[in-house]
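Colleague: Here it is, the structure in full.
The values are calculated or read from the model by the stated rules, or taken from the named source; none is laboratory data. Because the structure is a prediction, the values reported are computed rather than measured. Ideal geometry is used to build each Cβ from the backbone, glycine not excepted, and the neighbour counts take in all protein chains shown.
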Amino acid sequence: MRKIIFFLLAILFISCIKAVVKVTPDKKTIAEKYFRGIYGCDPSVVDRFANDSISVSYPVFMRLFNKTEIKGKKSVKNFASGFCSKWEEAQITIHDSILEENKLVLFWSFNAKFVGESQLNGPEKNTEHAWGGISLFLFDDEGKILSEIGEESPDGMFYHLKNM
């Protein structure tokens, strides 16, 4: 009888562990879903995967916003919405990722059509553009994204490589 009870408890314990593992996404999955959501027009990923005090920083922000980073969920969601109002048919490719403790690096490329209003020294409407980059994600102790720090290539680099 003891063996049967022990066996049933072991099955119950293993089932609980499997349920927890399935419900708790890993950091790679979180970062990829977040990245695809931000740059693929689903700002709701911020609420699901980001820490309340998230900060996002890319060199291009200085040219776009006259500052190097944006902070907080609301600002990041506003950025994602604004970004998606200017780009259509986004193709986001995650080439690789490296995870070490609470840090994850994504190697990515982005290809889309610019549909925003053309500005001086900016892309022309209905033209295809592509670039790539590396983004470092820092996670808090609860598995939420605390920061995204990136470096992107000049526009066109990946488009030209892709079409060689």
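Colleague: Scan the stretch 34-41 and tell me whether some residue there is small (Gly, Ala, Ser), more than 17 Å from Glu152 (Cβ to Cβ) and either under 12 Å from the mean Cα position of the chain (by Cα) or surrounded by 15 or more Cβ atoms within 10 Å (Cβ to Cβ) (or both). I'd like the intermediate steps shown before the answer.
Modeller: Of all residues in the stretch 34-41, those small (Gly, Ala, Ser) come to 37, 40.
Of the ones still in play, those that are also more than 17 Å from Glu152 (Cβ to Cβ) are 37.
Narrowing further to those that are either under 12 Å from the mean Cα position of the chain (by Cα) or surrounded by 15 or more Cβ atoms within 10 Å (Cβ to Cβ) (or both): 37.
Yes; the residues of the stretch 34-41 include at least one that is small (Gly, Ala, Ser), more than 17 Å from Glu152 (Cβ to Cβ) and either under 12 Å from the mean Cα position of the chain (by Cα) or surrounded by 15 or more Cβ atoms within 10 Å (Cβ to Cβ) (or both).
Colleague: Working only within the stretch 70-104, note down all residues that are under 17 Å from Ala31 (Cβ atoms), buried (at least 16 other Cβ atoms within 10 Å of the Cβ) and either β-branched (Val, Ile, Thr) or in contact with a Cys (Cβ under 9 Å, 6 or more places away or on another chain) (or both).
Modeller: Val76, Ala80, Ile92
Colleague: Still on this structure, I have one more. Quick check on my filter: what residues within the stretch 49-69 are at pLDDT 90 or above, surrounded by 15 or more Cβ atoms within 10 Å (Cβ to Cβ) and within 15 Å of Glu151 (Cα to Cα)?
Modeller: Ser55, Val56, Ser57, Tyr58, Glu69
Colleague: With the checklist (1) at pLDDT 95 or above; (2) within 19 Å of Phe110 (Cβ to Cβ); (3) loosely packed, with under 15 Cβ neighbours inside 10 Å in hand, flag the one item Val46 doesn't pass.
Modeller: Of everything listed in (1) at pLDDT 95 or above; (2) within 19 Å of Phe110 (Cβ to Cβ); (3) loosely packed, with under 15 Cβ neighbours inside 10 Å, Val46 misses just condition (3).
Colleague: Right, here's the next one. Hey, can you tell me all the residues within the stretch 71-98 that are farther than 24 Å from Thr127 by Cβ, hydrophobic (A, V, I, L, M, F, W, C) and assigned to a strand (DSSP E or B)?
Modeller: Hits for the stretch 71-98 are Ile94, Ile98.
Colleague: Within the stretch 113-152, track down each residue that is small (Gly, Ala, Ser) and either within 16 Å of the chain's Cα centre (by Cα) or assigned to a loop (DSSP other than H, G, I, E, B) (or both).
Modeller: Gly116, Ser118, Gly122, Gly132, Gly133, Ser135, Gly143, Ser147, Gly150
Colleague: Here's a follow-up. If I ask for residues that are in a loop (DSSP other than H, G, I, E, B) and without any contact (Cβ under 8 Å) to a residue 60 or more places away in the chain, which ones from the stretch 32-70 would you list?
Modeller: Let us first name the residues in the stretch 32-70 that are in a loop (DSSP other than H, G, I, E, B), namely 40-44, 58-59, 66-68.
Once the filter is applied, which keeps residues that are in a loop (DSSP other than H, G, I, E, B) and without any contact (Cβ under 8 Å) to a residue 60 or more places away in the chain, the stretch 32-70 yields Gly40, Cys41, Asp42, Pro43, Ser44, Asn66, Lys67, Thr68.
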